[in-house]
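First up is the structure itself, then whatever we jot down about it.
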Amino acid sequence: MKRIIKEYFTFSRKEKVAVIILLLLIVVFIFLPYLFEIKKAKPSVDEELQKQLVKWRQNKTLPDSLNGENDSSTHSSAELKFKLFLFDPNVLDAAGWEKLGIRNNVIHTILNYRNKGGKFYQPEDIRKIWGLQKVDADRIIPFARIKIESHQYKSNDFQHQSTSNQKSIGILDINTATVEQLMQVQGISISMSYRIINYRDKLGGFWNVLQLKQTYGMTDSIYQLIIPFLKTEPATIKKININTATDFELSKNPVISKDIAKAIVIYRNQHGPYIHLDDIKKIAFINEEIYSKIVPYLTID
């Protein structure tokens with residue numbers, strides 16, 4: 001046993017020298033970092049950024065240059081520096097909106113909307129302004145006071161003028177009226193005129209004046225104001241032949257979904273041409289409600 005231990009733990013002269021050298025190298029590498037001091041470059045400091053960060057810590061808010069806002073004043077300062085008062089959104093100038101704490105880009109949107117003929121018919125219409133935050137709308141709407149004369153026929157002079165304009169154009173057929181004719185109706189702005197015509201073209205025509213409510217931006221107050229001066233002539237509606245149209249052509253009409261369009265074409269391919277319009281009610285999921293909505297735009301001739 002002693003001999004075995006001696007063989008394993010006895011080193012020759014060369015092995016002893018090698019072990020000593022290895023130990024020396026280990027010691028050198030351990031203490032080497034302490035022998036040479038590594039000089040670290042000091043990071044450069046942006047003094048302007050430091051000043052902004054100090055202000056941010058004091059005010060607990062970031063400046064617009066860091067937020068990405070384009071306004072000359074911060075949003076937080078707009079919230080802090082506002083004054084609430086009764087106002088009419090149809091006549092209030094830029095300075096008034098600014099006093100209410102509204103941001104400059106939103107003020108520009110409001111003024112641009114009014115310059116193009118847009119009107120606020122009720123305080124809640126203010127919420128529809130693009131970019132206006134809910135917290136701002138909730139704050140100012142209770143103070144909005146809209147004059148009745150701005151959207152109703154209250155005064156005799158205004159009523160006489162509006163009546164004269166309507167007599168000159170008569171009751172308009174919304175399926176044939178032009179942009180210029182629609183703009184003569186009190187309550188229809190130039191943008192609303194284009195929206196009505198754009199939606200009319202997609203439909204192929206209005207078969208009921210109630211469909212005007214589906215026009216983008218059409219509020220109930222505007223609808224009630226303009227409806228006495230508009231009518232529809234079903235004869236002017238553009239219809240789609242369900243015996244020849246593709247599913248893509250059918251689905252281009254907003255009232256006909258893609259699923260219904262495909263079902264109409266598939267049923268036609270399986271059973272032959274439609275003899276009567278109400279044959280489409282044989283399709284499982286076309287109920288009476290769907291049928292009454294789409295049938296004004298369909299024909300078999």
Worksheet item: Is region 240-299 rounded, prolate or oblate when judged by the Cα gyration tensor, a ≥ b ≥ c being the square roots of its eigenvalues, rounded requiring a/c under 1.5 and prolate requiring a/b larger than b/c?
Response: rounded
Item to complete: Evaluate the distance, in nm, between pseudo-label points positioned 7 Å from the Cα of I26 and of K238 along their respective Cα→Cβ axes.
Response: 9.1 nm
Discussion item. Counting only other residues whose beta carbon sits under 11 Å from that of S257, what net charge do I get with K and R as +1, D and E as -1?
Written reply: +1
Worksheet item: Between L298 and residues 5 or more places away or on another chain, which pairs have amide H atoms under 5 Å apart, with H built 1.01 Å from N, and which residues are they?
Response: I240
Worksheet item: Of K134/K213; K147/K202; K134/K231; K252/K282, which ones are farther than 28 Å apart at the Cα?
Response: K147/K202; K134/K231
Worksheet entry | Separation in nanometres of the label points that stand 7 Å from Cα toward Cβ, at V17 and K213 | 10.6 nm
Practice prompt. Between W130 and R114, with labels modelled 7 Å along Cα→Cβ, what's the label distance in nm to one decimal, could you check?
Written response: 1.9 nm
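Computed from the coordinates by the stated procedures, all read-outs in this text should not be read as laboratory data. All values reported here derive from a predicted model rather than from experimental measurement. Here Cβ is always computed from backbone atoms with ideal geometry, including for glycine, and neighbour counts include all displayed protein chains.
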